[in-house]
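Contents: one structure, followed by commentary.
Laboratory data are not the source of any read-out in this text; all were calculated from the coordinates shown. Keep in mind that this is a model prediction, so the values were computed, not measured. With ideal geometry, Cβ positions are generated from the backbone for all residues, glycine too; neighbour counts draw on all protein chains shown.
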Amino acid sequence: MFDKAKGKRQKAKVVLHFFLVTALLLSACGKPFNVKPRPDTPPPIAGASATASNISLEAEAVTDEDYLYETFEANLIMAGVLPVRVKVINRGTESVSLKRSRFEIRSDEPRAYKSIKAGEAFNRVFSFYGISLYTKRGYKESKSDFLSHAIDLSAPLAEGESRQGLMFFNMPDDIARRPGLRLAASRLNADKKESDDAVELKLN
């Protein structure tokens, strides 16, 4: 009888210890990624620029993997996602719609890599790391902070307005690390023919 009671107490201690450890882990690791919110002042773009149909485009591939880990607490390139910092400037006299714009990355191989939505990029990174210990609230916060870094192309770009943020491209990590990548953009102005507003610029 004594042994049974002692066994129950030990079992209860083990269960209590498990829940305490779990609670501590969740309080420290409630977020799958501790993503830094997007800064109020975006960093300058040191890459190439091109202009077509009064739309100027500046872009550079974000390949500093230490910076990516410091910002997203994850190595996006290892997860098959290449972020590209992009700035779009409307130098015309009318508002421009960018909703139909297309972006893809080209290299020395025949295949091109199209941009993906920020939410899809987050899901790919999340799946790559296979994180299982997080809270629902922490997941939402991580994803919201991740999405805040993306450039918004849904709203029209007013005369003289500029907009900056990240685009994400699904591509193998060995391709993302190669020199000579190029960003091809088209349909930058929905009112112009696609052949008139297509540009291509070097990323690295």
(request) Take the cross-link list Lys87/Lys202; Lys117/Lys140; Lys87/Lys136 and give me the ones stretching past 22 Å between alpha-carbons. (result) Lys87/Lys136
(message) Let's test this: bin the Cα-Cα distances of segment 31-202 at 5 Å from zero up to the farthest pair and state each bin's percent.
(response) 1, 8, 17, 21, 19, 15, 10, 6, 2, 1, 0
(message) For Lys31, give me every one of the aspartates and glutamates with a C-alpha distance below 17 angstrom, ignoring sequence neighbours fewer than eight places off in its own chain.
(response) Glu70, Glu73, Glu141, Asp145
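Quickly rank 93-102, 165-174 as a protection proxy: mean count of other C-beta atoms within 10 Å, highest first. List each step's numbers first, then the result.
Details: 93-102: 14.6, 165-174: 18.4.
Ranked from most to least packed, the peptides come out as 165-174, 93-102.
Restricting attention to segment 139-178, which GluC sites (Glu not before Pro) occupy a DSSP loop and are surrounded by at most 14 other Cβ atoms within 10 Å? Before the final figure, lay out the partial values.
On the way: sites: Glu141, Glu159, Glu161; in loops: Glu159, Glu161.
Sites meeting the loop and neighbour criteria: Glu159, Glu161.
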